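Peer 1: Have a look at this one before I ask anything.
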Amino acid sequence: EEITYAELNDALKQGGVHFETVIFNACLMATLEVAMSIMDYADYMVAAESVIWGGLDFTNWLGSIKKNPDASPVKHCEILMKDYMEFLEDYDLLGSISL
């Protein structure tokens, strides 16, 4: 089910939680509107512009957090983003993901 940017913002506001990183495992989430909706509730946002099937593979990302929990969120997210881009390359697909 879809929600509006205002509904996303309101839900985060009502939740009263500030996230270190929000990762969108959905297509076409790397927009200014999404970023503006969550900017008061997260330090970082990871989102893809691409449309792919299967979503993100969190295996290496979770392993990096387990192995080095004190590393910066940027370092952990770089692993997730690298895996995503390698997946696209394996299937000769174009796309992008950003932090």
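The values are calculated or read from the model by the stated rules, or taken from the named source; none is laboratory data. Just so we're clear, the structure is a prediction, and the values are computed from it rather than from any experiment. Cβ: placed from backbone, ideal geometry, glycine included. Neighbour counts: every protein chain shown. To get the accessible areas, we keep the full protein, side chains included, count just its heavy atoms, and leave off ligands, DNA and RNA. Shrake-Rupley method; radii C 1.70, N 1.55, O 1.52, S 1.80 Å.
Peer 1: What does the helix-only formula give at 222 nm for the chain: each DSSP H stretch with n ≥ 4 adding -39500 (n - 2.57), the total divided by the residues, and the result rounded to the nearest 500 deg cm²/dmol?
Peer 2: Counting only the DSSP helices, I get -14000 deg cm²/dmol.
Peer 1: Another question, then. If you place +1 on the Cβ of every Lys and Arg and -1 on the Cβ of every Asp and Glu, how big does the dipole about the Cα centre of the chain come out, in debye to the nearest 20?
Peer 2: Rounded to the nearest 20 debye, it is 380 debye.
Peer 1: Sticking with this one: Have a look at Asn9, Cys77, Met29 and report the one farthest towards the positive end of the charge dipole of the chain, computed about the Cα centre with Cβ charges (Lys/Arg +1, Asp/Glu -1).
Peer 2: Cys77
Peer 1: For the ranges 37-43, 12-18, what's the packing order if you count other beta-carbon atoms within 10 Å of each residue, average per peptide, and put the highest first?
Peer 2: 37-43, 12-18
Peer 1: Whole-Hz ³J(HN,Hα) for each residue in region 82-99, computed from phi via Karplus 6.51 cos²θ - 1.76 cosθ + 1.60 with θ = phi - 60°, x for glycine and proline: what do you get?
Peer 2: 4, 4, 5, 5, 5, 4, 4, 4, 4, 10, 6, 9, 9, x, 8, 9, 9, 10
Peer 1: Of Asp57, Asp92, which has the most accessible area with a 1.4 Å probe, and how do the rest follow in descending order?
Peer 2: So, going from the largest accessible area down, we get Asp92, Asp57.
Peer 1: Follow-up question, since we're still on this one. Give a residue-ordered list of calculated ³J(HN,Hα) values for region 62-78 (Karplus: 6.51 cos²θ - 1.76 cosθ + 1.60, θ = phi - 60°; whole Hz; x for Gly, Pro).
Peer 2: Couplings: 5, x, 5, 5, 5, 5, 9, x, 8, 5, 5, x, 4, 4, 5, 5, 4 Hz.
Peer 1: Using 19 Å as the cut-off for backbone N distance, which residues of region 10-28 belong to the label zone defined by a point 7 Å from the Cα of Lys75 along Cα→Cβ?
Peer 2: Within reach of a label on Lys75, which here means backbone N under 19 Å from a point 7 Å along Cα→Cβ, region 10-28 contributes 20-22.
Peer 1: Going highest first, how would you order 3-11, 71-79 by mean Cβ packing within 10 Å?
Peer 2: 71-79, 3-11
Peer 1: In terms of modelled amide H atoms, which long-range or inter-chain residues lie less than 5 Å from the amide H of Val22?
Peer 2: For Val22, whose amide H was placed from the backbone, the distant partners under 5 Å are Tyr44, Met45, Val46.
Peer 1: Run the paramagnetic zone check for Tyr91: 7 angstrom along Cα to Cβ, then residues of region 51-73 with backbone nitrogen under 20 Å.
Peer 2: Residues passing the 20 Å test: 51-61.
Peer 1: Sum up the charges of everything whose Cβ sits under 15 Å from the Cβ of Trp53, counting Lys and Arg as +1 and Asp and Glu as -1, but leave Trp53 out.
Peer 2: -3
Peer 1: I've got another one for you. If you count only protein heavy atoms with a 1.4 Å probe, what accessible area per residue comes out for the chain, rounded to a whole Å²?
Peer 2: 69
Peer 1: I'd like the Karplus ³J(HN,Hα) series for region 17-22: coefficients 6.51, -1.76, 1.60, θ = phi - 60°, whole numbers in Hz, and an x wherever there's a Gly or Pro.
Peer 2: After applying 6.51 cos²θ - 1.76 cosθ + 1.60, I find 10, 10, 9, 5, 9, 10 Hz.
Peer 1: What number, in percent, do you get for the relative contact order of the chain if the mean sequence gap of Cα pairs under 8 Å and at least 6 apart is divided by its residue count?
Peer 2: 28 percent.
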